[in-house]
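Report on the structure given below.
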């Protein structure tokens with residue numbers, strides 16, 4: 001559970017706000033307090049404008065504690081995120097954060113299989129960045145619109161992956177973090193299909209011993225998370241899912257984002273904002 005005493009409100013100054021295809025935009029803000037303590041899987045709750053008191057939860061994609069910056073990927077799908085899209089360099093945005101239960105990454109003997117879809121890709125990039133030089137990881141990312149990142153051909157071979165899947169996210173490729181992309185939109189250099197299927201091809205090609213080292217971490221739309229949970233069951237490996245839910249307060253006070261869990265045979269309701277957003281798939285009946 002999030003320690004709410006660790007959540008700060010910070011006036012984040014916009015340093016960049018770059019629009020990409022599909023109404024996606026990457027925003028970089030200067031928020032040194034949040035950058036100093038944020039962990040992969042956590043999010044910020046952003047005030048979209050002075051006239052809109054209802055905040056929006058946005059996953060953290062990267063931080064640079066030394067520079068005090070936080071990077072966010074947002075898709076403009078409603079009034080609030082459209083207002084964020086219009087924010088200019090120099091604007092100051094009230095942000096609460098970091099919020100939420102982060103991914104557990106302490107076991108460096110594991111190989112972490114990171115599966116992100118759409119605006120669920122950012123937490124996977126944050127995880128990969130945090131694990132660099134500490135533990136093995138492989139990133140699989142899926143999108144039905146152009147990826148909002150620089151891409152480049154990969155030089156890393158992955159078992160079970162061939163064909164058209166030749167591109168990687170450039171920032172990962174340059175740090176020797178294996179990555180492959182998937183899309184149903186016919187995007188060049190991508191696996192043709194759903195990203196959990198791409199990850200499944202990789203897992204199926206591993207030896208039993210290699211596969212049992214693996215743990216699945218995922219964030220994205222619910223149909224994709226269902227597929228990741230099935231993937232974990234099929235290969236008998238643990239899966240941890242970061243859930244996306246509508247939120248009001250975002251700090252655990254309103255209980256407007258509860259999800260049903262089954263823990264030690266007892267049915268409970270947990271708040272996605274502070275008890276999550278990361279949950280083991282094993283305790284989520286919806287994903288059983």
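Bear in mind these aren't lab numbers, they're just calculated from the coordinates by the rules spelled out. All values reported here derive from a predicted model rather than from experimental measurement.
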When DSSP beta bridges are limited to those with both residues in the chain, what percentage is antiparallel, rounded to the nearest 5?
65 percent
Go ahead and set up a Gaussian network model of the chain, Cα springs under 10 Å, then flag whichever of 201, 50, 71 fluctuates most.
50
For segment 218-254 and segment 115-173, what is the centre-to-centre distance using only Cα atoms, to the nearest Å?
19 Å
GNM top mover of 160, 78, 250 - the chain, alpha-carbon springs below 10 Å
78
If you build a Gaussian network model of the chain, linking Cα atoms that sit under 10 Å apart, which residue out of 243, 158, 217 swings the most?
158
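Averaging over every viewing direction, what projected area does the convex hull of the Cα atoms of the chain cover, in nm²?
Numbers: hull surface 57.8 nm².
The Cα convex hull of the chain, projected and averaged over all directions, gives 14.4 nm².
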